[in-house]
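The values are calculated or read from the model by the stated rules, or taken from the named source; none is laboratory data. On a predicted model such as this, the values are computed, not experimentally measured, just so you know. When we count neighbours, we look across all protein chains shown, and the Cβ atoms used for this are built from the backbone with ideal geometry, even at glycine. All accessible areas refer to the heavy atoms of the entire protein, side chains included, with ligands and DNA or RNA removed. Shrake-Rupley method; radii C 1.70, N 1.55, O 1.52, S 1.80 Å.
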Amino acid sequence: MNLHEYQGKEILNSFGVRIQRGIVAQNAKEAVAAAKQLTAETGTGWHVIKAQVHAGGRGKGGGVKLAKNLTEVEEIAGQIIGMNLITPQTSAEGKKVHQVLVAEDVYYPGDSEPDEFYMSVLLNRTTGRNMIMYSTEGGMDIETVAEETPHLIFTEEVDPAVGFLPFQARRVAFNLGLSGLAFKEMTKFVTALYKAYVESDSSLFEINPVLKTSDDKIMAVDAKVTIDDNALYRHKSYVDMRDIREENPIEVEANEVGLNYVDLDGNVGCMVNGAGLAMATMDLIKQAGGEPANFLDVGGTADAKRVEEAFRIILKDENVKAILINIFGGIVRCDRVAQGVVDAYKNMGDAIKVPIIVRLQGTNADIAKELIDNSGLDVQSAVQFQEAADKVQEVLA
């Protein structure tokens, strides 16, 4: 589950991580009120207006701007709220901005120059250990840094048996070139950041930039946080942070009816039971010359109601030119799935306007094939993987 910047900062702050303070506003008037409150609480004279969408690169799309007075706060907030923000991480249509974060200005003058760093905490899937990735090149796309100056990216892996140790925090601060108060502040910052990552059951914390202020404070100016969905039962308060306006509406609907669905860009809809078989089915479609339009796992109970719901979800994608149903009858019997397909097809009437190929293998697969073949419906049956691939190729030709 992705979070907005202000939500990620709330979690960080709850674990003692210093953050750039801010207040969320839904419209320009609220933004002005938020700016006044922020000035009273922090003394800030200028304010940063930040679009709150689930995408990076907001500044490049005009979603982050500095306001030097309350008039500019109102004008800028009015411009950003309601706009379709297009960034390198959004689609060509962009994402509509529903709210902004009015944040304090933390780039104030002082005894030293402010400095920006990059820092993230994530799982290194190769080693199976959590890892802190950091760089002196804050404020830049980490992909660009990795490509052009890979020697400026550092990593610190954490042994799960002992956790993140003090010497590792000191090494992070040393590699970032810090000394004195800033060095001590960074060791506290990275230690608290790792604690927040682990105890919130997150799969990603990305802070870009981490700022060393002119008076040597270390704080998170941004926060990109992804919470592990499987751990939400342990964090009831985080569930309320979900903003379905930022999610694919088809995926949201599928989730509500208990289907595991991921929207893709292809032309062949997939209905499969089991994640491994679903991945193999997408490979099959590619091999046949098509492109998978989705990942959809109906699970072990592929009855008529569930199949009908899956049909309706798949057909919401106008790019779908054919549907491949690939079911292995282990827990569920193939004849029950076949009957479910037939019943769902009849219930939906003329709503299904694309060819359907059904491959059923496993318990009662022969009976299932007879049911499909004798249904009188425009549904083609297959038994072997290659047979299904050939039929997909035929309907797409």
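Pairs of alpha-carbon atoms within less than 8 angstrom and 6+ residues apart define the contacts here; what relative contact order does the stretch 141-210 have, in percent?
On the way: 30 pairs, mean separation 14.2, N = 70.
Result for the stretch 141-210 is 20 percent.
Using a 1.4 angstrom probe and counting only protein chains, how large is the accessible area of F189 in Å², to 10?
Probe radius 1.4 Å; accessible area of F189 about 10 Å².
In terms of the Cα gyration tensor, with a ≥ b ≥ c the square roots of its eigenvalues, is the stretch 22-99 rounded because a/c is under 1.5, prolate because a/b exceeds b/c, or oblate?
Verdict is prolate for the stretch 22-99.
Per the Kirkwood treatment, what hydrodynamic radius in Å, one decimal, follows for the stretch 227-322 from the mean inverse distance over all distinct Cα pairs?
After inverting the mean inverse Cα-Cα distance, the result is 14.3 Å.
Mean-square fluctuation check for the chain, GNM, Cα pairs under 10 Å: which of I49, I313, I207 is largest?
Judging by the Gaussian network model, the answer is I313.
Roll a 1.4 Å probe over the protein chains and send me the accessible area per residue for the stretch 91-242 in Å².
Here the residues of the stretch 91-242 average 50 Å² of exposed surface.
In the Gaussian network model of the chain, springs joining C-alpha atoms below 10 Å, which of A25, A40, A182 carries the largest mean-square fluctuation?
In this elastic network of the chain, the residue with the biggest mean-square fluctuation among A25, A40, A182 is A40.
All other residues with a Cβ under 9 Å from the Cβ of E5 taken together, and with Lys, Arg as +1 and Asp, Glu as -1, what is their net charge?
+3
Counting only protein heavy atoms and using a 1.4 Å probe, what share of the accessible area of the stretch 178-308 belongs to carbon plus sulfur, as a whole percent? Write out the running numbers ahead of the final one.
On the way: 2930 of 5730 Å².
Of the solvent-accessible surface of the stretch 178-308, carbon and sulfur hold 51 percent.
Report the convex hull volume per residue for the stretch 283-397, counting only C-alpha atoms, in Å³. Before the final figure, lay out each step's value.
Numbers: hull volume 10.6 nm³, N = 115.
With only Cα atoms used, the stretch 283-397 gives 92 Å³ per residue.
Report the extension gain between A275 and D373 in nm, rounded to one decimal, defined as 0.36 nm multiplied by the number of residues separating them, less their alpha carbon distance.
32.6 nm
What does the net charge come to around R21 if you take all other residues with beta carbon closer than 9 Å to its beta carbon, with K and R at +1 and D and E at -1? Don't skip to the end; give the middle numbers.
Working: positive: K9; negative: E41, E104.
Net of charged neighbours comes to -1.
Can you give the translational diffusion coefficient of the chain in µm²/s, computed by Stokes-Einstein from the Kirkwood radius over Cα pairs at 4 °C and 1.567 mPa s?
Approximately 54 µm²/s, per Stokes-Einstein.
As a quick test, which of the pairs K50/K236; K60/K212; K9/K50; K65/K217 have an alpha carbon distance above 20 angstrom in this structure?
Details: K50/K236 27 Å; K60/K212 22 Å; K9/K50 13 Å; K65/K217 23 Å.
Result: K50/K236; K60/K212; K65/K217 exceed 20 Å.
From the helices alone, meaning DSSP H stretches of at least four residues, give me the mean residue ellipticity at 222 nm for the chain, per-run term -39500 (n - 2.57), in deg cm²/dmol to the nearest 500.
On the way: 13 runs with 146 residues, N = 397.
That comes out to -11000 deg cm²/dmol.
Keeping all protein chains in place and using 1.4 angstrom, which order do T42, T71 fall into by accessible surface area, from largest down? Intermediate results must be reported in sequence, preceding the final value.
Details: T42 40, T71 85 Å².
Sorted by accessible area, descending: T71, T42.
Considering only A322, V341, L259, whose Cα is most displaced toward the positive end of the charge dipole of the stretch 249-397, charges sitting on Cβ of Lys, Arg (+1) and Asp, Glu (-1)?
V341
Modelling each spin label as a point 7 Å along the Cα-to-Cβ direction, I'd like the L165/S214 distance in nm, to one decimal.
Simple spin-label model gives 4.0 nm for this pair.
Could you give the nm distance between label points at L66 and Y108, where each point is 7 Å from its Cα heading toward the beta carbon?
1.5
What are the extents of the Cα atoms of the stretch 121-205 along their three principal axes, listed from largest to smallest and rounded to whole Å?
Taking max minus min along each principal axis of the Cα atoms, the stretch 121-205 gives 33, 32, 19 Å.
Would you please put 378-387, 120-129 in order of how densely packed they are, using the mean number of other Cβ atoms within 10 angstrom per residue and starting with the highest?
In descending order of packing, they fall as 378-387, 120-129.
Output the antiparallel fraction of DSSP beta bridges having both residues in the chain, as a percent to the nearest 5.
Working: 46 of 65 bridges.
Given both bridge residues lie in the chain, the antiparallel proportion sits at roughly 70 percent.
What is the angle, in °, between the Cα long axis of helix 334-348 and the longest principal axis of the Cα atoms in the chain? Nearest 10 is fine, range 0 to 90.
Between the helix axis and the principal axis of the chain, the angle is about 80 degrees.
Can you give me the relative contact order of the stretch 253-316 as a percent, contacts being Cα pairs under 8 Å and 6 or more apart?
40
Using a Gaussian network for the chain with springs between C-alpha atoms less than 10 Å apart, which of these wobbles most: N248, N294, N230?
N230
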